[in-house]
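Notes to accompany the following structure.
Readers should treat all values here as calculations from the given coordinates under stated rules, not as data from a laboratory. Note that this is a predicted model, so its numbers are computed, not measured. Every residue, glycine as well, gets a Cβ built from its backbone with ideal geometry; the counts of neighbours run over all protein chains shown.
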Amino acid sequence: MIKRFFLSGLIASMMSGPIHAQDSTPNAHSIEQGKQLFQSCASCHGQDAEGQKALGAPPLAGQLPSYLERAMTEFASGKRGKEDHYAQQMSAMSGLLQNEAQRNAIVTYLSSLKTKDIQVPNRSSDAAYRLYQANCGGCHGVKAEGNKALNSPRLAGMDAAYLQRQLEHFKSGKRGGSSRYAKQMQMMANTLKNADDIALVSKFISTL
Amino acid sequence: MNKSLLLAAITLAVGFGLGQYLAKDNAPVIKANKPDKSFAGGYEAKQDDTLKSNADVVLPGSGDTITVNPGQKIQDAVIAAKPGDTIMVMPGKYEETIYIDKDSIRLIGVIQEGQRAELNGRGELNDAILYSGNNITVENFLITKYKGNGIMGQAGNNFEIRGNVIVDTGVYGIFPQLGKNGIVSHNIISGIEDAAIYVGMSDNIHVAHNEVFDSVAGIEIENSRHSIVENNYVHNNTGGILAFITPGLPIKTTYDVIIRNNFVVGNNHKNFGAPGSTVAGIPPGTGILVMAADEVVIENNIITDNKTAGIMITDHYNAPNTTIDEGSDPYPDQVAILDNLMLRNGYDTIDEVKALMLTELKTGNPDIVRAGKSNDSCIYNRHRYITVGINDFKDCEFNNTKDVVTYLLDEPVPPREITAENKGKIAYLGICTGCHSYTGRIVGPPVQLIQALYMENPQGLADYIANPVKKRDDYPEMPPQNYLDEETRLAVAEYMLSRTN
């Protein structure tokens, strides 16, 4: 580990210009660079990337790197950004995301941020808990903490209205398109039978 | 709900309860016992089409005897055996998984001066014994330290599982899945994180004289018909005896279950089921739990010291960790509670039960609790118990089950027909659905989620089941299914991805 860290530090110091964070080892330099770049995002996503409900901006702190990378790439390429006006705002910011090195630095910074422990109350008799565990928890985790192996993002801490919007977009096909992950989510969003179920499960996740 | 409506409802309920309370005479209303009449049972062999077959059955025990000594592999003896043979396993330690995929094999552990043949999974192996053959006997083993199942049957009929001691073997202790005409008796099972004895999607089953304890669920009859659970000692589990319809399974009913003459004592164990799994929702202190199952007769049990309730009856809407399956009737109908000895139950019950009691202005510790709807159910000598939710239960028209001695059949039933076309389906029913339901989480993730992950990729799923990789921290690890041949693995993957409920 020390060796590997040293090596990546060495490579980084040999390079001039933007950092290629291909090695996932957190690197003080790229964290710092990411933090600076994130200032442009902080006005919506919050100073500590905790999200801002009023602005419809989800929390990004502690999010899975692979998901952040995917989302930013999709906004940058225009694959996402037309779902609703929040998404349009995000696409207006996509200039920042065009550069891979910058994206990587932001990802490194965000995934380095600490998140609070998630408490799942023992509410197994609660319909919302059951719905979440049966339809979502298998991929997003019992505590909605996300699952790296399944490329499923962390949902804990997200606002109910945001989640509800995304589920509706997946259901209507506005979000997603033809990628494998999008299709998975479209299929699972359709297992929620109606608006009440969507509201119920969104509200549950927002309490975690 | 509209606030004023809620207020009106509460006022009405309180007023009604108060009225009843005030009108009560000091003497309890004790109904005269009805004439001695037995439950007729719900099974007629004559009307059972699955019994019609001309297939010749090789009787178990009619062949040779093969002896296995420590240092040898039991599996080698199974491979060498032919239908009808008996395999005697001498005392000693055996660290292996045994697959029995042929018919009429008796696998017997020899007990010498108290020493048993011990199957030990070292905390690494998944299953001790998996059988898919018919007419299989598994007897007198000590089974310990496996991660998945102690003994699992996969679509085998006419099984006999008896005399085994099963300690700490993961998810299920004894688990006949999709079997007909089988007996589970005289086993001692403890420390199981789901059900110690789990009868899944089976028919004509007899579970008797077992001791089950320190497990999440003691004895579970799930999506099965014509079963008797009698003379068992069920103690210190989270929930003692369960009769369930689990939603999302391909066989959608549970009915005609007799639970009688059991000791159901102090089932107050902390629930250590995997979070989110069906059994993880059982409140500690549940003696007998009926969920959505029909024609369940509960008679002559000694039900004591279960802190939440002695008997709990619930529909799918009020059950923990349960989803709704449009193919299953969610209500437990025609449940019959006959005489049972009930003492010291419900002394530390859950808030949901307290709330139910409040609606009836009941005080004290509940013996019998019903949540949700139940049609045409009945109770005998209701005045003996503290109950909630059973005011609409009628008085039972029978008071015993003595006319139904057993649902076991005189002759072995024919094996299930397995063809190239239904191979995937049988494997799905006999194996996958033990842990995966369509909509909810029994143990593993729901089938609809697997469909989303593997859409248009049955080969990917077939490869995964042969060699699963743990992907979910809070789910038990899936055992490899590589004992199935490649063709069956692909067939079952295709079948799973094609399911719609």
Handout entry: Residue-count net charge about A:Q63 - beta-carbon cut-off 15 Å; Lys, Arg +1, Asp, Glu -1
Key = +1
Exercise for the section: Per residue of region A:95-102, in order, report the coupling 6.51 cos²θ - 1.76 cosθ + 1.60 (Karplus, θ = phi - 60°) as ³J(HN,Hα) in whole Hz, putting x for Gly and Pro. Expected result: x, 4, 8, 5, 8, 4, 5, 5
Exercise for the section: Using label points projected 7 Å from each Cα along Cα→Cβ, tell me how many nm separate B:Q112 and B:Q459, to one decimal. Expected result: 5.3 nm
Fill in the blank from the handout: Two pseudo-spin positions, 7 Å from Cα along C-beta at B:E477 and at B:K46, lie apart in nanometres by 5.5 nm
Problem - Alpha carbon convex hull of chain A, projected area averaged over orientations, nm² - result: 12.0 nm²
Completion exercise
Residues meeting the amide H criterion for B:S215 (H placed from the backbone, H to H distance under 5 Å, 5 or more places apart or on another chain) are B:G191, B:I192, B:N237, B:T238
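Using the scaling law 2.2 N^0.38 Å as the reference, what is the normalised Cα Rg of the protein assembly as shown?
Details: Rg = 28.6 Å, N = 709, 2.2 N^0.38 = 26.6 Å.
This ratio for the protein assembly as shown stands at 1.07.
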Completion exercise
Taking region B:30-116, the equivalent ellipsoid from its C-alpha gyration tensor has semi-axes in Å, biggest first, of 41, 23, 11
Practice task
For A:D48 and A:E32, compute 0.36 nm times the residue count separating them, minus their Cα-Cα distance, and round to one decimal in nm.
Solution key: 4.4 nm
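So between B:A420 and B:E326, what do we pick up on full extension, going 0.36 nm a residue minus the alpha carbon distance? Please report the intermediate quantities before stating the final value.
On the way: separation 94, 0.36 × 94 = 33.84 nm, distance 2.99 nm.
Using 0.36 nm per residue and subtracting the Cα-Cα distance, I get 30.9 nm.
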Completion exercise
For chain B, using Cα atoms only, the Rg and Dmax in Å read 23.4, 78
Practice task
Would you kindly state the longest site-free stretch of chain B, with sites defined as GluC sites (Glu not before Pro) in a DSSP loop (not H, G, I, E, B) surrounded by at most 12 other Cβ atoms within 10 Å?
Solution key: B:125-325
Completion exercise
Rounded to a whole number, the Stokes-Einstein D of region B:423-498 in µm²/s (Kirkwood radius over Cα pairs; 37 °C; 0.692 mPa s) is 268 µm²/s
Fill in the blank from the handout: Amide H proximity to B:I166 below 5 Å, modelled H, separation 5+ or other chain, gives B:I143, B:I188, B:I189, B:S190
Problem - Integer Hz, Karplus 6.51/-1.76/1.60 couplings in order for region B:300-315, x for Gly and Pro - result: 6, 8, 9, 10, 9, 6, 9, 6, 7, 5, x, 10, 10, 10, 9, 8
Fill in the blank from the handout: A correct Karplus calculation of ³J(HN,Hα) over region B:116-133, with 6.51 cos²θ - 1.76 cosθ + 1.60, θ = phi - 60°, whole Hz and x for Gly and Pro, returns 10, 6, 9, 8, 10, x, 6, x, 10, 6, 7, 10, 7, 9, 10, 10, 10, x
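Starting from the Kirkwood Rh over alpha-carbon pairs, what translational D in µm² s⁻¹ does region B:65-135 have by Stokes-Einstein at 10 °C and 1.306 mPa s? Mind showing how you got there, number by number?
Working: Rh = 12.3 Å.
Translational D for this selection: 129 µm²/s.
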Handout entry: Cysteines (scope chain B) whose Cβ has no counterpart Cys Cβ under 4.7 Å
Key = B:C432, B:C435
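For B:A466 and B:V405 in the same chain, what is the full-extension length gain: residue separation times 0.36 nm, less their Cα-Cα distance, in nm?
Details: separation 61, 0.36 × 61 = 21.96 nm, distance 4.30 nm.
Gain on extension, B:A466 to B:V405, equals 17.7 nm.
Net charge near B:G163: determine it from the other residues with C-beta under 13 Å of the C-beta of B:G163, scoring Lys and Arg +1 and Asp and Glu -1. Mind dumping the intermediate values first?
Numbers: positive: B:R106, B:R116, B:R162; negative: B:E139, B:E160, B:E211.
Net local charge, B:G163 excluded: 0.
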Fill in the blank from the handout: With N residues in region A:28-112, Rg(alpha-carbon) / (2.2 N^0.38 Å) equals 0.99
Problem - Neighbour-count order for B:V167, B:V297, fewest beta carbons within 10 angstrom listed first - result: B:V167, B:V297
Practice task
Post the alpha-carbon centroid distance, region A:154-170 to region B:262-285, in whole angstrom.
Solution key: 33 Å
Fill in the blank from the handout: Over region B:293-431, the quotient of the Cα radius of gyration and 2.2 N^0.38 Å is 1.32
Handout entry: q = 0.24 Å⁻¹: log10 I(q)/I(0) that the Debye formula gives for region B:154-235, counting C-alpha atoms only
Key = -1.11
Exercise for the section: On a 0 to 90° scale, report how tilted helix A:65-77 is relative to the longest principal axis of chain A, with both axes built from alpha carbons and the result rounded to the nearest 10. Expected result: 90 degrees
Exercise for the section: Pull up all non-local amide H partners of A:Q52: gap of 5 or more, or a different chain, and H-to-H distance under 5 Å with H placed in the peptide plane. Expected result: A:A57
Practice task
Give the calculated FRET efficiency between B:N501 and B:L343 to the nearest 0.05, with a Förster radius of 60 Å applied to their Cβ-Cβ distance.
Solution key: 0.90
Handout entry: Estimated inter-spin distance, A:I118 and B:N231, nm [label 7 Å along Cα→Cβ]
Key = 5.0 nm
Exercise for the section: List the residues of region A:75-91 whose backbone N lies under 11 Å from a point placed 7 Å from the Cα of A:S172 along the Cα-to-Cβ direction. Expected result: A:83-85
Fill in the blank from the handout: Between B:L358 and B:E494, the FRET efficiency computed from the C-beta separation at R0 = 30 Å comes out, to the nearest 0.05, as 0.05
